[in-house]
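The values are calculated or read from the model by the stated rules, or taken from the named source; none is laboratory data. Keep in mind that what you see is a predicted model, and the values were worked out from it rather than measured. Here the Cβ is made from the backbone with ideal geometry for all residues, glycine too, and neighbour counts use every protein chain on show. These accessible areas exclude ligands, DNA and RNA; they are computed on the full protein's heavy atoms, side chains included. Shrake-Rupley method; radii C 1.70, N 1.55, O 1.52, S 1.80 Å.
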Amino acid sequence: MSDRENARGAQTPLRVDAVIIGAGFAGLYALHRMRLLGLTAIVFEAGRDVGGVWYWNRYPGARCDVESMQYSYSFSRELEQDWEWSERFAPQSEILAYINHVAERFDLRRDIRFETRVASAHFDDGPNLWHVRTDRGDEVDAQFCIMATGSLSAARVPDLPGLETFAGRKYHTGDWPHEGVDFRGRRVAVIGTGSSGIQAIPVIAEAAAHLVVFQRTPNFVIPARNQRLDEQAVRFWKDDYPTHRARAREIGTFYEFSDKGALDVDDAERRSVYERRWQEGGVNFVHSFKDIYLDQRSNDTAAEFVRARIRDMVRDPATAEALSPRDHPLGSKRICVGSGYYETFNRENVTLVSIRDERIEAIIPTGVRTAKAEYPVDTLVLATGYDALTGALLRIDIKGRGGQALRDKWAEGPRNYLGLMTAGFPNMFIVTGPGSPSVLVNMVIGIEQHVDWIADCIDQIRRSGKAGIEATPEAEDHWVHHVNDEANLTLFPKGASWYLGANVPGKPRVFMPYVGGIGRYRKKCDEVAASGYEGFAMFPAA
Ligand code: N01
């Protein structure tokens, strides 16, 4: 009997060493590492194929804003030499092709069950096993459960009155049709101006008959200045990947970090620093000075520089002002990197509607009705983001020791130790979840660090003959405080962002990622492992 038949039809659940949930960057690498340890593993993936966010996010203009030479796995010397990126910032299709290549190269698909969503994962104290059930009837028992569910994978459709009555076509950027969408001749509305919206808007505007952009919060958008990758940049990385990767493990993404504060220099120097970085493009702009995330006055200088560029680029002063962020420090909501975003609002066929001034009252069959007007629309694009960091986990019915539900445990916000494990849920590991640097660093680096740590930990458990490991409540309390304290030293909590859960009505407002930096965080994780897993308890078989 095949694994599949066994998992789906047999009386006895399939028994594996590890269940991995999700087949994106994290799940694929976790599977590879489990195999290297000689463990049996099965991956469940809701999509029809590998890729995670890069499988679902096929909206026009989707690309990564970490440079392609850095946004890739580092675990295989041959892979990093063989793969060829074509652009400075890789488009979604190329990243997905890369992930497919990895799946084939390491023969990963044979242990992945596609189009299968995990419904529940319950820990059984008796045999110390996770019992996992899927929406297709699979039942699997596993010693370890690895949550590679993604930080930005639970797409969020807002509760807009009348949305279900809309007679045209509607799409969410995070769940885009594989066959693509033809916007030619269509009257389109985009709701949302985060990273996804600002990438999609210029591309949709070029095709659509008319585009209305509904903006709740204007964002800071830095030009990407994307281009073909030049040979010099490729050689820089490929000639010495090991050295550069080692550095990336300490700093995250390669940016040009400054040792000066924004107010340590005079106006002319500050302006020239901003101007140069603006011309170079990308997230590097936010690292112009060392205190942009720390000091409101310094941050104001960067924010004002961007607002001045918006005024330069957007011809209509009222539209320029409406596009100018004034309610949050630059970077406190995820900085956006775009191509031709502000210039798009100079087009005759594009209208900006600030829903702060003109509230959306209802979606009607023929379009969008605001407090001031009706906008006829036949295609609606929801670029409204995600229930970030906790959403994908909490959509699964997860129960730990004594039947405790994760949803109950995290009702006031996520609690865990090092972002890796939550007390009372033994042998359940979370990859790049809340409490870890996660979305604040190059995700691939964060994923490899977590998966390596988890694989080493599992190896230790098995070698020591123990049945498992769990975080202690004390260590968890301490870590939750530390994550909060670190965030409160920065300007991050001042933005009503998804980092804080502010985009989801009723979600607890807790700053979720760890802002202390990947290098410091890695050191802490390594020290904990070297000390025999201080703050964790290993337990024997029952
Ligand atoms: O989602 P978002 P996203 N009515 O939450 C608005 C990564 N990413 O998919 O700001 C009206 O940022 C909401 O308004 P507000 C990246 O980490 C990376 O764009 O909450 N509007 C906001 O404008 C990114 O940060 C890349 O006031 C509503 C927008 O919808 C993360 O994914 C590319 C609304 C949502 O923005 C998420 O980005 C794409 C409502 N009821 C994504 N509800 C790159 O690598 C929400 N909004 C470049």
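Looking at Glu374, Glu361, Glu348, which one is touching a strand residue (DSSP E or B) at 6+ places or on another chain (Cβ under 8 Å), free of Cβ contacts under 8 Å to residues at least 24 places away in the same chain and acidic (Asp, Glu)?
On the way: Glu361 fails: free of Cβ contacts under 8 Å to residues at least 24 places away in the same chain; Glu348 fails: touching a strand residue (DSSP E or B) at 6+ places or on another chain (Cβ under 8 Å).
Going through Glu374, Glu361, Glu348 in turn, just one is touching a strand residue (DSSP E or B) at 6+ places or on another chain (Cβ under 8 Å), free of Cβ contacts under 8 Å to residues at least 24 places away in the same chain and acidic (Asp, Glu): Glu374.
With modelled with pLDDT of 95 or more, near the ligand (Cβ under 10 Å from one of its atoms) and surrounded by fewer than 18 Cβ atoms within 10 Å (Cβ to Cβ) as the only criterion, which of Ile360, Ile355 stands out? If you could, list the steps in order and put the result at the bottom.
Working: Ile360 fails: surrounded by fewer than 18 Cβ atoms within 10 Å (Cβ to Cβ).
Among Ile360, Ile355, only Ile355 is modelled with pLDDT of 95 or more, near the ligand (Cβ under 10 Å from one of its atoms) and surrounded by fewer than 18 Cβ atoms within 10 Å (Cβ to Cβ).
Considering each of Tyr375, Tyr342 in turn, give the residue that is open to solvent by less than 50 Å² (accessible area, probe 1.4 Å) and either basic (Lys, Arg) or not in a strand (DSSP E or B) (or both). Explain how you work it out, then say what you get.
Details: Tyr375 fails: either basic (Lys, Arg) or not in a strand (DSSP E or B) (or both).
Going through Tyr375, Tyr342 in turn, just one is open to solvent by less than 50 Å² (accessible area, probe 1.4 Å) and either basic (Lys, Arg) or not in a strand (DSSP E or B) (or both): Tyr342.
Within segment 34-65, which residues are among the basic types (Lys, Arg) and either more than 16 Å from the ligand (Cβ to nearest atom) or in a helix (DSSP H, G or I) (or both)? Working first, answer last.
Pass one, segment 34-65, residues among the basic types (Lys, Arg): 35, 48, 58, 63.
Once the filter is applied, which keeps residues that are among the basic types (Lys, Arg) and either more than 16 Å from the ligand (Cβ to nearest atom) or in a helix (DSSP H, G or I) (or both), segment 34-65 yields Arg35, Arg48.
Given segment 194-261, what helices (runs of 4 or more DSSP H) lie entirely inside it while holding 1 or more residues that are hydroxyl-bearing (Ser, Thr, Tyr)?
195-207, 241-251
What are the residues in segment 392-401 that are open to solvent by less than 30 Å² (accessible area, probe 1.4 Å) and either more than 16 Å from the ligand (Cβ to nearest atom) or closer than 26 Å to Thr165 by Cα (or both), if any?
Leu393, Ile396, Ile398, Gly400
Would you point out the residue of segment 67-88, among those that are surrounded by fewer than 22 Cβ atoms within 10 Å (Cβ to Cβ) and under 18 Å from the mean Cα position of the chain (by Cα), that is farthest from Ser196 (Cα to Cα)?
By that ranking, first place goes to Tyr73.
For residues in segment 276-294 being touching a residue at least 24 places away in the same chain (Cβ under 8 Å) and assigned to a helix (DSSP H, G or I), which is most open to solvent (accessible area, probe 1.4 Å)? Talk me through it step by step, then tell me what you get.
In the first step, residues of segment 276-294 are kept if they are touching a residue at least 24 places away in the same chain (Cβ under 8 Å); the result is 278-294.
Those still in the list that are assigned to a helix (DSSP H, G or I) too: 278-280, 283-287.
Values: Trp278: 11, Gln279: 96, Glu280: 77, Val283: 18, Asn284: 23, Phe285: 0, Val286: 1, His287: 35 Å².
That would be Gln279.
Could you run through segment 153-199 and say how many residues are charged (D, E, K, R), within 8 Å of the ligand (Cβ to nearest atom) and either closer than 20 Å to Thr351 by Cα or surrounded by 22 or more Cβ atoms within 10 Å (Cβ to Cβ) (or both)? Spell out how you get there, then give the answer.
First, pick out the residues of segment 153-199 that are charged (D, E, K, R): 156, 159, 164, 169-170, 175, 179, 182, 184, 186-187.
Next, from what is left, pick out any that are within 8 Å of the ligand (Cβ to nearest atom): 156, 159.
So of that shortlist, the ones also either closer than 20 Å to Thr351 by Cα or surrounded by 22 or more Cβ atoms within 10 Å (Cβ to Cβ) (or both) come out as none.
Summing the residues that are charged (D, E, K, R), within 8 Å of the ligand (Cβ to nearest atom) and either closer than 20 Å to Thr351 by Cα or surrounded by 22 or more Cβ atoms within 10 Å (Cβ to Cβ) (or both) in segment 153-199 gives 0.
Can you tell me which of Val377, Val337 is farther than 26 Å from Leu500 by Cβ and at pLDDT 95 or above? Don't jump to the end; show me each part of the working.
Values: Val337 fails: farther than 26 Å from Leu500 by Cβ.
Just one listed residue meets the conditions, Val377.
If Ala537 satisfies every condition in (1) outside any loop (DSSP other than H, G, I, E, B); (2) under 29 Å from Arg247 (Cα atoms); (3) in contact (Cβ under 8 Å) with a residue 24 or more places away in the chain but one, which is the exception?
The failed condition is (2).
Taking segment 105-152 on its own, how many of its residues are within 16 Å of the ligand (Cβ to nearest atom) and either β-branched (Val, Ile, Thr) or in a strand (DSSP E or B) (or both)?
Keep residues of segment 105-152 that are within 16 Å of the ligand (Cβ to nearest atom), which gives 149-152.
When the remaining residues are screened for being either β-branched (Val, Ile, Thr) or in a strand (DSSP E or B) (or both), the result is 149.
Result for segment 105-152: 1.
Has segment 256-271 got at least one residue that is farther than 30 Å from Ala371 by Cβ and either under 25 Å from the mean Cα position of the chain (by Cα) or within 16 Å of the ligand (Cβ to nearest atom) (or both)?
As a first pass, look at segment 256-271 and keep what is farther than 30 Å from Ala371 by Cβ: 256-271.
Subsequent filtering for residues that are either under 25 Å from the mean Cα position of the chain (by Cα) or within 16 Å of the ligand (Cβ to nearest atom) (or both) retains 256-257.
Yes; the residues of segment 256-271 include at least one that is farther than 30 Å from Ala371 by Cβ and either under 25 Å from the mean Cα position of the chain (by Cα) or within 16 Å of the ligand (Cβ to nearest atom) (or both).
Which of the residues belonging to segment 317-328 are away from the ligand (no atom under 14 Å from the Cβ) and open to solvent by 10 Å² or more (accessible area, probe 1.4 Å)?
Step one: list which residues in segment 317-328 are away from the ligand (no atom under 14 Å from the Cβ), which gives 317-321, 324.
Correct list: Pro317, Ala318, Thr319, Glu321.
Residue by residue through segment 158-175, note down the ones that are out of contact with any helix residue (DSSP H, G or I) (no Cβ under 7 Å at 6 or more places or on another chain) and under 21 Å from Glu115 (Cβ atoms). Talk me through it step by step, then tell me what you get.
We begin by selecting, within segment 158-175, every residue out of contact with any helix residue (DSSP H, G or I) (no Cβ under 7 Å at 6 or more places or on another chain); these are 158-172.
If the condition is that a residue be out of contact with any helix residue (DSSP H, G or I) (no Cβ under 7 Å at 6 or more places or on another chain) and under 21 Å from Glu115 (Cβ atoms), then Tyr171, His172 are the ones that fit.
Under 7 Å between Cβ atoms, which residue pairs at least 6 apart in sequence (or on different chains) link something in segment 295-313 that is charged (D, E, K, R) with a partner that is part of a helix (DSSP H, G or I) and open to solvent by less than 70 Å² (accessible area, probe 1.4 Å)?
Arg309/Trp278; Arg311/Ala320
Anything in segment 419-448 that is under 18 Å from the mean Cα position of the chain (by Cα) and in a loop (DSSP other than H, G, I, E, B)? List them, or say none.
Initially, segment 419-448 is screened for residues under 18 Å from the mean Cα position of the chain (by Cα), giving 419-420, 429-448.
Answer for segment 419-448, where residues must be under 18 Å from the mean Cα position of the chain (by Cα) and in a loop (DSSP other than H, G, I, E, B): Gly419, Leu420, Val431, Thr432, Gly433, Pro434, Gly435, Ser436, Pro437, Val441, Asn442.
Among the candidates Ala487, Ala383, which residue alone is away from the ligand (no atom under 16 Å from the Cβ) and either among the hydrophobic types (A, V, I, L, M, F, W, C) or within 23 Å of the chain's Cα centre (by Cα) (or both)?
Exactly one of Ala487, Ala383 is away from the ligand (no atom under 16 Å from the Cβ) and either among the hydrophobic types (A, V, I, L, M, F, W, C) or within 23 Å of the chain's Cα centre (by Cα) (or both), namely Ala487.
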